[in-house]
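Down below is the structure, laid out as structure tokens.
The values are calculated or read from the model by the stated rules, or taken from the named source; none is laboratory data. None of these values were measured; they are calculated from a predicted model. Note that each Cβ is placed from the backbone with ideal geometry, even for glycine, and that neighbours are counted across all protein chains shown. The area values use the complete protein model at the heavy-atom level, side chains included, leaving out ligands, DNA and RNA. Shrake-Rupley method; radii C 1.70, N 1.55, O 1.52, S 1.80 Å.
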There are 2 protein chains.
Amino acid sequence: MEIEVTDFNDSESLINQEFRHEWYVIETILTSMPLHLKASSQSGIEGNPIFDPVGTNQFIKTELVKQGWYPNIPIPKIYQFLGKDIDCGKTGILIEFKFSNYPFLLNNVLRSELFFKSKITLQSEVTQLVIIITKAKMFPASNSTLYYEQAVKQLTALTKYKVFDVPIRLVGLFEKIEETTTIVWSQYEQQRSRKIIQQKQGQCIISLGKKQNSRSIIKIL
Amino acid sequence: MEIEVTDFNDSESLINQEFRHEWYVIETILTSMPLHLKASSQSGIEGNPIFDPVGTNQFIKTELVKQGWYPNIPIPKIYQFLGKDIDCGKTGILIEFKFSNYPFLLNNVLRSELFFKSKITLQSEVTQLVIIITKAKMFPASNSTLYYEQAVKQLTALTKYKVFDVPIRLVGLFEKIEETTTIVWSQYEQQRSRKIIQQKQGQCIISLGKKQNSRSIIKIL
């Protein structure tokens with residue numbers, strides 16, 4: 001896929017000074033990842049291809065683990081009212097995949113801010129940087145799921161009033177329009193299940209929606 | 001119902017000095033409200049009585065509107081990436097009902113913080129105080145929905161690091177244990193629908209769950 005990034009609280013300098021290698025690994029994984037799709041279960045568009053959060057999540061996590069990252073880092077007991085675990089982490093970097101409902105973004109940002117400010121250790125490291133991975137608005141997706149452009153606006157507004165200090169690199173996943181794109185199609189045990197029973201490689205072409213600002217249309221080849 | 005409150009950023013003094021009447025109205029509505037219940041659609045406990053967010057929401061909103069509060073205050077266009085509207089408001093007070101999924105709490109807190117800091121006007125008033133209404137943990141409820149005790153922990157942790165400055169009064173809705181309790185039972189058009197087709201008054205008794213920390217058991221009389 002293609003990526004776009006927006007940096008908050010000077011995460012760019014921090015990455016260039018301290019985490020150049022780690023970022024290179026993440027960037028390589030994301031840009032070599034095929035677009036993951038699944039069938040929508042939303043009435044009216046049932047069966048249509050939409051962005052697949054679970055498949056995408058699994059791909060990135062598996063690749064990061066191969067590169068020595070820790071998956072599902074447990075949140076210390078005193079902060080468990082903020083959630084169970086963090087998607088991935090290593091050497092003071094936390095990575096969160098945010099493809100689900102939009103309010104999870106600010107929840108995760110505030111949680112990260114607490115880890116950062118409290119200097120609590122996660123896998124023996126204090127948090128220095130948070131990388132949040134989102135999908136672009138261009139992809140048809142489940143209702144109310146977060147997209148990159150919306151996340152940029154939310155974090156920019158909060159930055160204006162200095163609500164959080166933790167350095168964050170926000171990443172958006174995109175694809176080229178009107179080009180043949182490699183995909184992975186995942187089939188789930190049942191609707192709303194997170195259990196993949198089959199994955200197939202394939203190809204698609206993404207076209208812009210007819211109305212301005214509408215999602216694009218994905219045609220499986 | 002019975003209520004419990006926790007104040008953040010000195011909302012208590014602010015209420016005592018400026019908003020004594022407004023709080024009195026809110027308190028009277030909440031303490032005169034019957035417990036709203038509906039049938040669970042979760043497999044395993046299908047049909048069991050659980051806390052009814054939509055019915056509770058509607059009751060409070062209707063009563064507030066009778067007292068001159070504005071319902072569904074539109075969020076100004078420049079902040080619409082943070083949501084569509086605010087549940088209720090008047091004279092610089094915003095009220096949010098938070099009975100849904102837990103990440104919405106921090107989303108709402110950050111959104112309120114932005115309204116507060118930016119001094120943007122909502123119904124011609126700048127935001128001075130936010131009142132967030134939640135249900136207690138004691139009620140059986142849909143999976144992953146926010147409860148008061150969890151909200152107290154989240155906001156307390158954030159306050160420790162001064163993440164937000166907006167004065168917030170967090171309200172928890174409770175009921176007495178082992179006493180006859182008045183209820184309103186709402187029947188919905190279908191599962192996950194927000195359209196009530198019938199409401200019936202009734203009574204229940206709430207008993208503590210057998211295990212420590214488990215939800216209580218509601219017996220309809």
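Of the heavy-atom accessible surface of chain A (probe 1.4 angstrom), what whole percent is carbon and sulfur? With neighbouring chains kept in place, the figure for chain A is 47 percent.
Here the scattering of region B:1-68 is modelled by Debye summation over its C-alpha atoms, one equal scatterer each and no solvent; at q = 0.24, 0.25, 0.26 Å⁻¹ the log10 of I(q)/I(0) is -1.07, -1.10, -1.14. Ignoring lysines fewer than eight residues from A:Lys219 along the same chain, the ones with Cα atoms less than 19 angstrom from its Cα are A:Lys38, A:Lys135, A:Lys137, A:Lys176, A:Lys200, A:Lys210, A:Lys211. Normalised by the number of residues in region B:91-221, the average gap of Cα pairs under 8 Å and 6 or more apart makes the relative contact order 21 percent.
Could you sort the residues of region A:157-185 by number and keep only those whose accessible area is reduced by 20 Å² or more in the all-protein-chain setting relative to the chain alone, 1.4 Å probe? Listed by number, the residues meeting the 20 Å² cut-off are A:Ala157, A:Leu158, A:Tyr161, A:Val163. Ordered by solvent-accessible area of protein heavy atoms (1.4 Å probe), largest first, the residues B:Ser112, B:Ser13 come out as B:Ser13, B:Ser112. Heavy-atom accessible surface of the protein assembly as shown, averaged per residue, reaches 48 Å², computed with a 1.4 Å probe.
Secondary structure note: in chain B, about 70% of the DSSP beta bridges are antiparallel. Put A:Asp52, B:Asp165, B:Asp10 in order of accessible area, highest first, and with a 1.4 Å probe you get B:Asp10, B:Asp165, A:Asp52.
Here the mean projected area of the convex hull built on the C-alpha positions of the protein assembly as shown is 22.6 nm².
Using heavy atoms of the protein chains and a probe of 1.4 Å, the accessible area assigned to A:Ile3 is about 50 Å². Per-residue SASA remark: A:Glu175, around 30 Å² accessible (1.4 Å probe; ligands, DNA and RNA not included). For region B:1-101, trypsin sites (Lys or Arg not before Pro) are listed when DSSP marks them as loop and at most 14 other Cβ atoms sit within 10 Å of their Cβ; the list is B:Lys84.
Solvent exposure of A:Leu105, expressed as accessible area, is near 0 Å², computed with a probe of 1.4 Å over the protein chains only. Charged side chains reduced to their Cβ positions (Lys and Arg at +1, Asp and Glu at -1) give the protein assembly as shown a dipole of some 800 debye around its Cα centre. Interface size, chains A and B: roughly 2400 Å² of accessible area buried, both sides included, 1.4 Å probe, rounded to the nearest 100. Ordering B:Met138, B:Met33 by accessible surface, largest first, gives B:Met138, B:Met33; the 1.4 Å probe counts only protein heavy atoms, with every chain in place. Debye-formula intensities of chain B, expressed as log10 I(q)/I(0) at q = 0.13, 0.14, 0.16 Å⁻¹, are -0.77, -0.89, -1.14 (one equal scatterer per alpha-carbon, no solvent).
Remark: mean inter-chain Cβ contacts per residue of A:106-118 equal 5, using a 10 Å Cβ-Cβ cutoff to other protein chain atoms.
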